[in-house]
Amino acid sequence: MSQNKNAAADQSKVMDKIVSLAKRRGFVFQSSEIYGGLNGCWDYGPLGVEMLNNLKQQWWKSMTYRENIEGLDASILMHPRVWEASGHVENFTDPMVDCKSCKARYRLDVLFDELSLKRKKEALRELEPGKFEGQLKDELVIEEFAKRTATDADSARIAAMLPCPNCGNKGTFTDARKFNLMFKTFVGPVEDSSSVVFLRPETAQGIFVNFLNVQSAGRQKIPFGIAQIGKAFRNEINTKNFLFRTREFEQMEMQFFVKPGTDDEQFEYWRAARMQWYVDLGMPREKLQWHQHPKDKLAHYAKDAYDIEYLFPFGWGEIEGIHNRTDFDLSRHEQFSGKSMKYFDEATKEKFTPFVIETSAGASRSFMAFLVNAYDEEQAPTAEGTTEMRVVLRLHPKLAPTKAAIFPLVNRDGMPEMARKVEADLRQHFRVFYDDSGAVGRRYRRQDEVGTPYCVTVDSQSLVDQTVTIRERDSMKQDRIAISNVRAYIAERLM
Ligand code: GAP
């Protein structure tokens with residue numbers, strides 16, 4: 001195996017270990033597992049839901065605990081005209097091909113993206129013999145291939161040259177079809193076209209249609225924002241990589257409404273703020289990068305767009321998009337609803353349609369990024385003077401599902417009673433866990449594996465002087481502190 005292949009195999013092993021830990025310790029289960037699962041859907045277990053809630057709470061606080069951003073919780077089902085106005089009915093499609101031999105289904109653009117430069121070069125040569133002979137510069141191949149695959153006729157001819165990745169047969173792909181990613185359902189008992197509604201594919205539209213409601217209810221002046229966390233649904237053709245691309249997921253979106261002309265400055269402000277949010281919650285900056293959407297690939301509504309990407313074991317992947325959506329959405333809703341979506345500036349007596357700077361994060365996807373980022377294995381010393389492998393989730397204490405575990409060193413001499421008292425006090429403030437089974441070293445390992453930042457142990461000295469040891473997960477260092485200080489010690493580190 002080449003070095004690259006070795007590295008890829010190691011990375012996929014890491015992913016397998018994380019998925020297995022997530023299931024074993026109750027972070028994430030496959031949806032409807034006893035029936036064989038439902039592709040693209042996952043359930044958050046007891047620890048997963050805590051961590052996800054912590055993540056959402058951190059985002060909610062960072063957005064709405066300020067003067068100029070209001071919260072919202074809009075319904076998932078919306079008037080079907082919303083999705084015509086937003087462009088989703090027309091544009092929210094992926095080109096899809098089916099293999100006639102083995103029935104595997106692919107996104108055509110993904111098949112193209114995954115082709116090596118060599119294959120792209122070969123395709124261009126087959127497309128126009130004579131034109132692309134001799135040495136071709138890589139940039140020319142990339143540019144020409146992108147141009148050709150943007151046309152239906154050439155992309156169909158290139159698809160016909162490709163072998164199916166599943167069965168290996170060539171020339172078996174159907175023509176590409178546009179596949180709309182929105183899930184449809186019906187309101188009321190009659191299932192006809194007049195009762196069709198969609199499960200929202202993004203939370204943003206609930207914000208746009210409520211722009212004036214929130215502005216007047218909150219007595220907000222431009223610039224101001226609206227933040228929302230909620231489920232979104234996309235009938236993705238290929239779900240993959242655990243929580244990365246799923247059919248049901250959660251978004252944390254904020255639309256910041258600004259005066260046209262101030263949008264570039266606001267865009268830069270929000271780009272910096274959003275990157276910092278991940279860093280403040282423990283992501284190393286070098287594992288995050290910006291990807292600017294090339295002008296010819298911008299979404300239909302965007303003037304400029306950057307993704308924040310995280311370095312997953314399978315490569316860089318988008319976790320959040322920051323978009324300058326111009327006045328596209330409000331103008332379109334004005335046009336489709338016939339209701340004015342303009343803002344009146346009392347101070348300057350100007351009336352205008354605001355521009356929107358959007359920060360759109362995946363709660364589920366960034367949950368996965370934080371989980372992956374936290375996973376670590378190391379050799380740790382044992383009580384016997386040897387070392388053993390320790391798996392530790394180095395989650396930021398604010399994200400950790402359990403903040404502290406409380407152990408009596410042994411189950412006698414009044415230690416359990418004292419430990420229960422410590423637990424009862426802490427439980428009023430934090431999510432804690434009481435564990436009295438097995439050697440204390442084993443108990444530490446169980447908590448390390450789920451990212452509990454502090455373990456509090458009641459031992460024989462505790463009975464004498466009302467102190468406990470408190471062990472920090474990452475350094476494994478222990479402090480001895482007064483029981484009366486334990487709550488403050490933990491609280492301070494969660495600030
Ligand atoms: N309102 C803009 C919007 O929805 P997007 O780039 O399509 O933009 C924003 O989605 C974020 O939502 C992504 O960065 C990602 O974190 C998350 N996301 C999108 N599709 C997803 C999927 N199928 N599964 C999990 N998360 C997804």
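Please treat every number below as a calculation from the coordinates, not as lab data. Since the model is a prediction, treat every value here as computed from it, not as a measurement. Note that each Cβ is placed from the backbone with ideal geometry, even for glycine, and that neighbours are counted across all protein chains shown.
Considering only region 6-25, how many residues are out of contact with any Phe, Trp or Tyr (no Cβ under 9 Å at 6 or more places or on another chain) and not charged (D, E, K, R)?
First, the residues of region 6-25 that are out of contact with any Phe, Trp or Tyr (no Cβ under 9 Å at 6 or more places or on another chain): 6-7, 9-10, 13, 16, 20, 24-25.
In the following step, the residues that additionally are not charged (D, E, K, R) were identified as 6-7, 9, 20.
Matching residues across region 6-25 total 4.
Out of all the residues in region 447-495, which are in contact with a Gly (Cβ under 8 Å, 6 or more places away or on another chain) and either within 22 Å of Met418 (Cβ to Cβ) or part of a strand (DSSP E or B) (or both)?
Leu463
Please determine whether any residue of region 136-149 is more than 22 Å from the chain's Cα centre (by Cα) and within 14 Å of the ligand (Cβ to nearest atom). Spell out how you get there, then give the answer.
Within region 136-149, the first condition is being more than 22 Å from the chain's Cα centre (by Cα), and the residues that meet it are 136-149.
When the remaining residues are screened for being within 14 Å of the ligand (Cβ to nearest atom), the result is none.
The answer is no; no qualifying residue exists.
State all residues of region 447-469 that are closer than 22 Å to Arg412 by Cα and either under 33 Å from the mean Cα position of the chain (by Cα) or surrounded by fewer than 21 Cβ atoms within 10 Å (Cβ to Cβ) (or both); if no residue qualifies, say none.
Filtering region 447-469 for residues closer than 22 Å to Arg412 by Cα gives 455-469.
Matches in region 447-469: Cys455, Val456, Asp459, Ser460, Gln461, Leu463, Val464, Asp465, Gln466, Thr467, Thr469.
Kindly establish whether Val486 is touching a helix residue (DSSP H, G or I) at 6+ places or on another chain (Cβ under 6 Å) and hydrophobic (A, V, I, L, M, F, W, C). It would help to see each step written out before you state the result.
Details: touching a helix residue (DSSP H, G or I) at 6+ places or on another chain (Cβ under 6 Å): no; hydrophobic (A, V, I, L, M, F, W, C): yes.
Answer is no for this residue.
For region 116-126, which residues satisfy the criterion of being closer than 16 Å to Lys170 by Cα and hydrophobic (A, V, I, L, M, F, W, C)?
Once the filter is applied, which keeps residues that are closer than 16 Å to Lys170 by Cα and hydrophobic (A, V, I, L, M, F, W, C), region 116-126 yields only Ala123.
Being assigned to a strand (DSSP E or B) and either touching a residue at least 12 places away in the same chain (Cβ under 8 Å) or within 16 Å of the ligand (Cβ to nearest atom) (or both) is the filter here, so list the residues in region 341-368 that pass it. Steps first, answer last, please.
First, the residues of region 341-368 that are assigned to a strand (DSSP E or B): 343-345, 350-352, 355-362.
Within region 341-368, Tyr343, Asp345, Phe352, Phe355, Val356, Ile357, Glu358, Thr359, Ser360, Ala361, Gly362 meet the criteria.
Kindly provide the set of residues from region 239-264 that are surrounded by fewer than 16 Cβ atoms within 10 Å (Cβ to Cβ) and more than 10 Å from the ligand (Cβ to nearest atom), ordered by number. Even if it seems obvious, please write down each step before you answer.
As a first pass, look at region 239-264 and keep what is surrounded by fewer than 16 Cβ atoms within 10 Å (Cβ to Cβ): 240, 260-262, 264.
Across region 239-264, the qualifying residues are Pro260, Gly261, Thr262, Asp264.
Can you name the residue in region 188-204 that is aliphatic (A, V, I, L, M) and in contact with a Pro (Cβ under 9 Å, 6 or more places away or on another chain) and, of all such residues, is nearest to the ligand (Cβ to nearest atom)?
Of the residues in region 188-204, the ones aliphatic (A, V, I, L, M) are 190, 196-197, 199, 204.
Cutting the leftovers down to in contact with a Pro (Cβ under 9 Å, 6 or more places away or on another chain) gives us 196-197.
Values: Val196: 21, Val197: 19 Å.
Ranking the qualifying residues of region 188-204, first place goes to Val197.
Please state which one of Val110, Val97, Val89 is more than 17 Å from Ala156 (Cα to Cα), among the β-branched types (Val, Ile, Thr) and surrounded by 13 or more Cβ atoms within 10 Å (Cβ to Cβ). Full working, then the answer.
Details: Val110 fails: more than 17 Å from Ala156 (Cα to Cα); Val97 fails: more than 17 Å from Ala156 (Cα to Cα).
None of the other options fit; the residue is Val89.
Check Phe407, Phe336, Phe352, Phe344 and return the single one that is buried (at least 22 other Cβ atoms within 10 Å of the Cβ) and more than 26 Å from the chain's Cα centre (by Cα). Steps first, please.
Details: Phe336 fails: buried (at least 22 other Cβ atoms within 10 Å of the Cβ); Phe352 fails: buried (at least 22 other Cβ atoms within 10 Å of the Cβ); Phe344 fails: buried (at least 22 other Cβ atoms within 10 Å of the Cβ).
From the options Phe407, Phe336, Phe352, Phe344, the qualifying one is Phe407.
Just one of Ile322, Ile207, Ile229 is under 26 Å from Phe29 (Cβ atoms), within 15 Å of the ligand (Cβ to nearest atom) and surrounded by 17 or more Cβ atoms within 10 Å (Cβ to Cβ); which is it?
That would be Ile229, the only listed residue that is under 26 Å from Phe29 (Cβ atoms), within 15 Å of the ligand (Cβ to nearest atom) and surrounded by 17 or more Cβ atoms within 10 Å (Cβ to Cβ).
Yes or no: region 293-307 includes at least one residue that is within 14 Å of the ligand (Cβ to nearest atom), of a type in the set (A, V, I, L, M) and closer than 25 Å to Leu55 by Cα.
Yes; the residues of region 293-307 include at least one that is within 14 Å of the ligand (Cβ to nearest atom), of a type in the set (A, V, I, L, M) and closer than 25 Å to Leu55 by Cα.
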